[in-house]
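One structure is given here, and the rest of the page talks about it.
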Amino acid sequence: MLIGAFKTRPEILRVPPTYLPQEWAPSNFLTMWDTPETPLPANLLSTVVISLCGTALALLAALPAAYYTARHNFRLKLPFLLLVLITQMLQPTVLASGLFREFITLEINDTWLTMILVNAAFNLSFAVWIMHSFFASVPKEIEEAAWLDGCSRGQSLTRIMLPLVWPGIVTAVIFTFIACWNEFAASLILLPTDTNQPLTVALTRFIGQYESAWQYVFAVSLIGIVPVVALFALIEKHLVSGLTAGGVK
């Protein structure tokens, strides 16, 4: 993909093909931003805003839910957790028609808020489950000791619990962010305006019925995966510990 991004379209389609480009075309990474049919700067901004806000909203809702279910035994606890897990089985494509009608009724269709809510909702169950296991693995005596020292429940959560379950939070954040960043089906249906669509949808406009700009497809794909790869590299240690520590009691 990297090599293809530095080729011209005729060279990509050449028969027989060559592995390395005979004529390097680094200008692809500049000219792709100026294509009239694809407003890539707006699409990149949409992707960043939707991914960050969707991840933040999912985390904001999942943290108290995971903490409460881990620390309290109530009558419908298991059915509630199973219901949360069942929502993971439903893909946005299945509910696209209902979501489309609902957002039109709320008059927020074809906006960033639409996809922020959808991404947060469909990634909430994973975040709740993974953080629930981390909160449950922390001994309750640690929190009770903090209460005896004068901490309120909110203070014990922010000062004691969150640092202890930080690997689980990082794991939930990275997987939620990647799911929001790579979301395609719901965005294609709920965001018809070109400037509101994320990169995943904008990429398809370079592929036509009779002609495809493959050099731009490769270049935009690289732009799309670089932030995710960089994020993985930065938090790899926390991610590995988060995936393993939550399963050990």
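Things worth noting here:
- Scanning the range 135-159 for residues that are out of contact with any Leu (no Cβ under 8 Å at 6 or more places or on another chain) and under 30 Å from S51 (Cβ atoms) yields F135, A136, S137, G154, L157, T158, R159.
- The single condition among (1) more than 30 Å from F135 (Cβ to Cβ); (2) surrounded by 11 or more Cβ atoms within 10 Å (Cβ to Cβ); (3) among the hydrophobic types (A, V, I, L, M, F, W, C); (4) in contact (Cβ under 8 Å) with a residue 60 or more places away in the chain that L2 does not meet is (2).
- Only residues that are part of a helix (DSSP H, G or I) and either under 19 Å from C180 (Cβ atoms) or among the small types (G, A, S) (or both) were counted in the range 101-115, giving 5.
- Residue count for the range 10-35, restricted to those that are crowded, with 16+ Cβ neighbours inside 10 Å and either farther than 29 Å from F177 by Cβ or of a type in the set (S, T, Y) (or both): 4
- Test: residue in the range 19-35 that is within 30 Å of L231 (Cα to Cα), small (G, A, S) and without any contact (Cβ under 8 Å) to a residue 24 or more places away in the chain: yes
- Listing of helices (runs of 4 or more DSSP H) fully contained in the range 1-80 that carry 2 or more residues being over 30 Å from E143 (Cβ atoms) and out of contact with any Leu (no Cβ under 9 Å at 6 or more places or on another chain): 9-12, 28-31, 40-71
- Contact annotation: residue pairs with Cβ atoms under 8 Å, 6 or more positions apart or on different chains, pairing a residue in the range 157-172 that is within 18 Å of W147 (Cβ to Cβ) with a partner that is at pLDDT below 85 and of a type in the set (D, E), are I160/E143; M161/E143.
- A single entry from T69, T87 fulfils the requirement of being among the polar types (S, T, N, Q), more than 30 Å from P198 (Cβ to Cβ) and either modelled with pLDDT under 80 or in contact with a His (Cβ under 7 Å, 6 or more places away or on another chain) (or both): T69.
- For S152, the stated conditions hold: it is out of contact with any strand residue (DSSP E or B) (no Cβ under 7 Å at 6 or more places or on another chain), polar (S, T, N, Q) and without any contact (Cβ under 8 Å) to a residue 60 or more places away in the chain.
- Residue selected from the range 36-46 under the condition surrounded by 13 or more Cβ atoms within 10 Å (Cβ to Cβ) and touching a helix residue (DSSP H, G or I) at 6+ places or on another chain (Cβ under 7 Å), by the criterion modelled with the lowest pLDDT: T38
Results for (1) modelled with pLDDT under 85; (2) in contact with a Ser or Thr (Cβ under 6 Å, 6 or more places away or on another chain), shown as yes or no for each residue.
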position: F135; (1), (2): no, no
position: G150; (1), (2): yes, no
position: G154; (1), (2): yes, no
position: I169; (1), (2): no, no
position: A179; (1), (2): no, no
position: F184; (1), (2): no, yes
position: L188; (1), (2): no, no
position: T204; (1), (2): no, no
position: Y210; (1), (2): yes, no
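The values are calculated or read from the model by the stated rules, or taken from the named source; none is laboratory data. The shown structure was predicted, so the numbers you read here are calculated from the model rather than taken from an experiment. As a convention, Cβ positions derive from the backbone with ideal geometry for all residues, glycine included, and neighbour counts pool all protein chains shown.
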